[in-house]
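Here's the structure, in structure tokens; my notes come after.
Coordinate-derived values only; no laboratory data. Owing to the predicted nature of the structure, the values given are computational and were not obtained by experimental measurement. Note that we place each Cβ from the backbone using ideal geometry, even for glycine, and neighbour counts take in every protein chain shown.
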Amino acid sequence: MFKLFYVIFMNLFRAPYMIPKMRHQANHPDKYSEKKRYALVCHAITLMKRTGRIHTKVYGEENLPQEGGYIMYPNHQGKYDALGIMITHKSPCSFVMDKVKSKMILVDEIVDLVQAKRLDRNDVRQAITVLNEVAEDVKRGRKYIIFPEGGYTFNNKNQMGPFKAGCFKCALKSKAPIVPVALIDSYKVFNSFTLGQVTTQVHYLKPLFYEEYKNLKTIDIAKVVQARIGEVIDNI
């Protein structure tokens, strides 16, 4: 948490330039392509990484499907998780996040730049609508990040909570590949008491294709994905 405040403080001088630029591009997707907007997000992440002495190693990029849309399901550790994935994911991707948390400054701009989905945890009907929208987007070739744990524990030391089966329904509806993603030490960046240099890891695991999971219940898909991620974490 201390590092988060430090990174914010050290980048305050950039805010008068970066925030309006991000907001302008987010508000004009007709003028700025998805790649252009995604590049701006990655630039902002790079500035944060440099200021906070954050290093992220990536493994398994060859496992990412080369064509079409897919959904990445990572374990959830903290505020850096989606950023760590996006900075290592070369092609544009988006994510689903809590509607309330999405309204924070900078987060709001990033959400709109990548046209992420805001999910209201207190509105089941809205949540279902969001997941259906994700499924339709993925059918059209978009890539998404969905955190099946829903939330995270502060300073969780790479421990996982139970995966919620409901978020796998959009994978079944889209018939798209499921890419398990193992995050290691991501909690140390903004959700621990670490102040010094931090190195995190992003592991893209072999995807589950529709033919492999189409006959499984969502609760069983959740168990398979969590087990694969857990195996990587346990072997680090």
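In table form, for the structure just shown:
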item: Percentage relative contact order, the chain, counting C-alpha pairs under 8 Å, at least six apart; result: 29
item: Nearest-0.05 FRET efficiency for Ala227 and Tyr59, computed from C-beta distance (R0 25 Å); result: 0.85
item: For the chain, built as a Gaussian network whose Cα springs stay under 10 Å, the top-fluctuating residue of Tyr187, Tyr144, Tyr213; result: Tyr213
item: For Phe147, distant residues with modelled amide H under 5 Å away; result: Val96
item: Counting DSSP beta bridges with both ends in the chain, the antiparallel % (nearest 5); result: 20
item: Cα pair count fraction exceeding 26 Å, expressed as % - the chain; result: 34
item: Scattering profile of region 18-88 at q = 0.22, 0.26 Å⁻¹ [log10 I(q)/I(0), Debye over alpha-carbon scatterers]; result: -1.16, -1.25
item: Pairs of alpha carbons in region 1-134 whose separation is greater than 23 Å (percent); result: 37
item: Set Lys143/Lys217; Lys101/Lys175; Lys57/Lys223 screened for pairs whose C-alpha atoms are more than 32 Å apart; result: none
item: Span from the region 105-159 Cα centroid across to the region 184-236 one, whole angstrom; result: 16
item: Peptides 214-225, 67-78 ordered by average Cβ neighbours within 10 Å, highest first; result: 67-78, 214-225
item: Förster-model FRET efficiency, 41 Å R0, Thr129 and Glu211, C-beta, rounded to 0.05; result: 0.90
